[in-house]
Every structure is written in structure tokens, then in C-alpha cells.
1. 7 Å from Cα along Cα→Cβ at both Lys13 and Cys28: what's the point-to-point distance in nm?
2. Using mean Cβ contacts within 10 Å as the protection proxy, how do 38-47, 24-33 order, highest first?
3. Tabulate in residue order the Karplus-calculated ³J(HN,Hα) for segment 35-47, using 6.51 cos²θ - 1.76 cosθ + 1.60 with θ = phi - 60°, rounded to whole Hz; enter x for Gly and Pro.
Amino acid sequence: DPRGLYTCKVGEKTEKKLQVHYRMCQNCIEVDAATISGIVIADVVATVLLAVAVYCVTGHDRGHMSRASDRQNLIANEQLYQ
């Protein structure tokens with residue numbers, strides 16, 4: 001417990017006093033380097049998995065060539081849109 005009154009003496013005449021108040025956090029969690037690195041690694045892994053899931057859900061069809069029948073003519077008879 002570092003609380004208390006501290007005295008600093010230089011020689012025999014000079015004397016300074018310092019009072020230290022220290023509060024302990026009762027709901028605090030101690031976080032060390034291993035915990036922080038674990039959180040960062042878990043975040044990176046979760047982000048990569050989410051990116052792969054989004055990529056898979058979008059449904060990229062490889063090797064599928066678009067055919068002329070798949071296209072829709074929006075302008076009849078090749079007229080310019082006015």
C-alpha cells in the first residue's frame with residue numbers, strides 16, 4: 001500500500017514532505033501483453049472469417065460466360081434515349 005506521508009531529506013537541513021493518496025480500482029481488470037495480443041489475433045481471425053463468408057455468399061460463378069439471351073434490351077431497336 002503506497003499511501004502515506006513520505007519525507008525527502010537532503011543533508012541535515014533540507015526536508016520536504018510528500019503525501020501520497022492512492023486509490024485502488026475494485027472493478028478493474030489487469031491486462032498484460034499476452035491478453036492484448038490474444039484480443040488482437042482473435043479480432044484479425046474473426047475479420048478474415050467474415051471476409052471469406054461475405055465472399056462466398058456473393059456467389060461468384062467462375063467459368064460462367066454471359067450469353068446474349070441473358071441480356072435485356074432496355075432500348076428498343078437501338079434507338080437513342082432522349
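Quick note: the coordinates plus some simple rules give every number you see, no bench work behind them. Owing to the predicted nature of the structure, the values given are computational and were not obtained by experimental measurement. Quick reminder, even Gly has a Cβ in these numbers, built from the backbone with ideal geometry, and neighbours come from all protein chains shown.
1. Reported label-point gap for Lys13 and Cys28 is 4.1 nm.
2. 38-47, 24-33
3. These are the phi-based 3J(HN,Hα) values: 5, 5, 5, x, 5, 5, 5, 5, 5, 5, 5, 5, 5 Hz.
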